[in-house]
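Each remark here refers to the structure printed beneath this line.
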Amino acid sequence: MKRILILAAASLLGVAAVVHAAELPFNGFLEYSLGSRIVDDDTASGGILLHETRFQVDIIHDADSGSLQFRADFLLDTVTAESLTDVREAYILLTPSSNLDLKVGRQILTWGTGDFVFLNDLFPKDWQSFFIGRDDEYLKKPASAVRATWFGDSLNLDFVWIPVFEPDSFISGERISYWDFRQNRKAGPADGIIEPVRPDKTVANSQAAARLFGNVGNWEAAIYGFDGNYGQPKGYDSVLGKFDYPRLQTWGASLRGSLLGGIGNAETAWYRSLDDSGSNDPNIVNPEYRVLVGFSRSVGRDQTLGVQTYLEHALEFPDIGRSEQDRLWITLRYTGLFMQQNLTLSWFSFYSPNEKDAYVRPKVSYKVSDEVRTTFGANLFFGETENSFFGQFKDNSNVYARVRYSF
Amino acid sequence: MKKSLVIILLYAFILVPVPGAWGLSVDEIVSKANLASYYGGDDGAARARMQITDRQGRIREREFTILRKDVEEGGRQYYYVYFHKPGDVRKTVFMVHKRPDGDDDRWLYLPALDLVKRIAASDKRTSFMGSHFLYEDVSGRSIAADTHTLTEETGEYWVLDNLPRDPGSVEFTHYLIWIDKKTFLPVKAEYYNSRGKVYRRVEALEVREIDGIPTVTRSKVQDLDTGGNTEMTFTRIKYNQGISNEIFTERYLRNPPRKFISR
């Protein structure tokens, strides 16, 4: 292990020196990451969850008529022993008329008011990256999409069309173990990777999302709609023995604004599980309501505290992927900047009083120079039972370190 | 009748502000200095570079484009800040709707997450981007936050002493400010701690006339306790560019205005 570290550090320094000297015509970063379980997991042979070197290239080209953006990661993943290219963004942004913006191509899409809690943001996510200690940005997974935003005098309309369904990178057993309800036991890397059936590539299966937004007094208000599929395999065909992504339609609304010296937000969504109509099929996710209320404010110089309460209520129970009919979370975020803002201490936790489980993300990050940032953190899972949402990941609690050279 | 006339005259005498040089009252000087420093033109755009030197002499750099639009002369303003350097904050946008009489509204756009974040209004005396400049140095301290007295007048400057109305909200006990009589630009400010010692100095190093508006193009903050300092240089300064209100909305957080920001 020591030798790997020295080798990695040496190559990182070498490339950094070359990059520094070359004055490259593009920006980006070089990053080395290493993370490991801190508990034993019976379903996995090794403890290393994260071990990779990432080189990101970021190019922007602006013209009068629009912008071109290309940003891609070239990744050497030692855990899976493969090298791959992750095109994060490759789009053209145009303004065809004074009140219309058009973004076409591979892009990251985000909306809604939650902090690490998503109600109306049904765009692709990468939960595995989130759990193993990659940078927060990797929680968002790019999609190839067309985004058109129309700006009116008081109301604006955002419309997103994703022609081919892009699933989340969910917990598939590639590195992280999980509760397998089919076998009523934990499963992990030793059990193989779940490969769900994807929807056929037809126009009818394309994904559409819309947001109508504007200001109501001092509040930012929005109404949302989505028609597509669940990003996670929340359906199981017991005949084929295969998971799939059930059809989903959602409706929702949100508010955000200044409140009591801080920022308050509220959001709600109604999930219509279209494949589950009629009688309750426990192998297809049930319709559900989601409600979120949040508040954040400054608690000292360069220090912020945020609290959220989130409730997910399944209309029927039992339900796939649920140990309780309701999922109640209280989240807590603390961010503090110290030492001329070069040191960042942060904490994010999810706690469920009814499922009796928790997930904690402490992180320390220090900027050695304008170019070099080091980050140390942990993903800690707790739970009374092995089948609750966070409890199932108990044996995947991990610590990680990253060093990034930006240029 | 005579008695009441005397009273009226007396009142008039007391209520008329005590004139400083050139017949200006202290409040007029403060208000003109505020307009000269933060409200030049109806809008403004500039490229800024900060060089931050810490107590050990290590240097860090920041570079950003700043757009400003005045909603009310001497009152509400919009600010849009697009970061070019360092690499880890490149493309990040910070937007402020400034209200001198209340909490500012602040947004941050994180491009890698396509996230428009609303930031809780905080202490305006926190560091701007890890530099020795504070938010208040960049966008102005409300003139109503202090009481001002003229302590000295020279041929070139008015020297004002400023006492905070709410001493608990700031780290200084008072500060002196030197205002140039010709341009009304504050050219130096010295902040005193509770031991009566100057611990912080902000200075204009270079003033140039741009589009007929005297403008501080280079300034410096020194932390006299630690020896750290930050120098800020403005280039490509332009006034009255017709920057519209809609630049300061969510649309342009996600789609930076190419007309004003060259990347």
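Laid out as a table, the results:
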item	result
Counted charge near A:Y310, where neighbours are those whose Cβ lies closer than 11 Å (Asp, Glu -1; Lys, Arg +1)	-2
Number of partner chain Cβ atoms within 10 Å, mean per residue of B:48-57	1
Lysine pair count for the stretch A:2-406 [Cα-Cα under 14 Å; pairs on different chains or 8 or more apart]	5
Pairwise Cα inverse-distance average, inverted: Kirkwood Rh of chain B (Å)	20.0
In Hz, Karplus ³J(HN,Hα) per residue of the stretch A:257-262 (6.51, -1.76, 1.60; θ = phi - 60°; x = Gly, Pro)	x, 6, 8, 6, x, x
Sum of side-chain charges, B:A48 neighbourhood, beta-carbon under 9 Å (Lys, Arg +1; Asp, Glu -1)	+2
Spatial separation of Cα centroids for the stretch A:165-216 and the stretch B:173-219, in angstrom	58
Cβ-defined net charge surrounding A:D180, 9 Å radius [Lys, Arg +1; Asp, Glu -1]	+2
Across B:K69/B:K259; B:K69/B:K98; B:K117/B:K220, pairs whose alpha-carbon gap is larger than 20 Å	B:K117/B:K220
Sorted largest first, extent of the stretch B:199-263 alpha carbons per principal axis (Å)	43, 30, 21
Rel. contact order, % - alpha carbon contacts under 8 angstrom, at least six apart, chain A	13
Relative contact order computed over the stretch B:20-254 (Cα-Cα under 8 Å; 6+ residues apart), in percent	21
Ordering of A:252-260, A:397-405 by burial proxy (mean other Cβ atoms within 10 Å per residue, highest first)	A:397-405, A:252-260
Coordinate range along principal axes, alpha carbons of the stretch A:151-259, Å, largest first	56, 38, 20
Under the Karplus curve 6.51 cos²θ - 1.76 cosθ + 1.60, θ = phi - 60°, whole-Hz ³J(HN,Hα) for the stretch B:61-77, x wherever Gly or Pro sits	10, 10, 9, 8, 9, 10, 10, 9, 9, 8, 8, 10, 4, x, x, 5, 9
Tensor-based shape of the stretch A:110-183 (alpha-carbon gyration tensor, a/c under 1.5 rounded, otherwise prolate or oblate)	prolate
Nearest-0.05 FRET efficiency for A:I223 and A:V197, computed from C-beta distance (R0 30 Å)	0.40
Prolate/oblate/rounded call for the stretch A:187-327, Cα gyration tensor, a/c under 1.5 rounded	prolate
Table column - 3J(HN,Hα) (Hz), the stretch B:255-260, Karplus curve with 6.51, -1.76, 1.60, x for Gly and Pro	9, x, x, 5, 5, 10
For the protein assembly as shown, calculated [θ]222 nm from helices alone, where every DSSP H run of n ≥ 4 adds -39500 (n - 2.57)	-3000 deg cm²/dmol
Of the chymotrypsin sites (Phe, Trp or Tyr not before Pro) in the stretch A:18-109, those whose Cβ has at most 13 other Cβ within 10 Å and which sit in DSSP loop	A:F26
Cα-based shape type of chain A, given that a ≥ b ≥ c are square roots of the gyration tensor eigenvalues and the cut on a/c is 1.5	rounded
Ordering of B:169-181, A:222-234 by packing [mean C-beta count within 10 Å, highest first]	A:222-234, B:169-181
For residues of B:119-128, the mean tally of beta carbons on other chains within 10 Å	5
Under 5 Å, built H, 5+ apart or other chain: amide partners of B:T92	B:F83
Within 10 Å of each Cβ in A:129-136, the average number of Cβ atoms from other chains	1
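The numbers here are math on the coordinates, done by the rules we state, and not lab data. All figures in this text were calculated on a predicted structure; none of them were measured in a lab. Here Cβ is always computed from backbone atoms with ideal geometry, including for glycine, and neighbour counts include all displayed protein chains.
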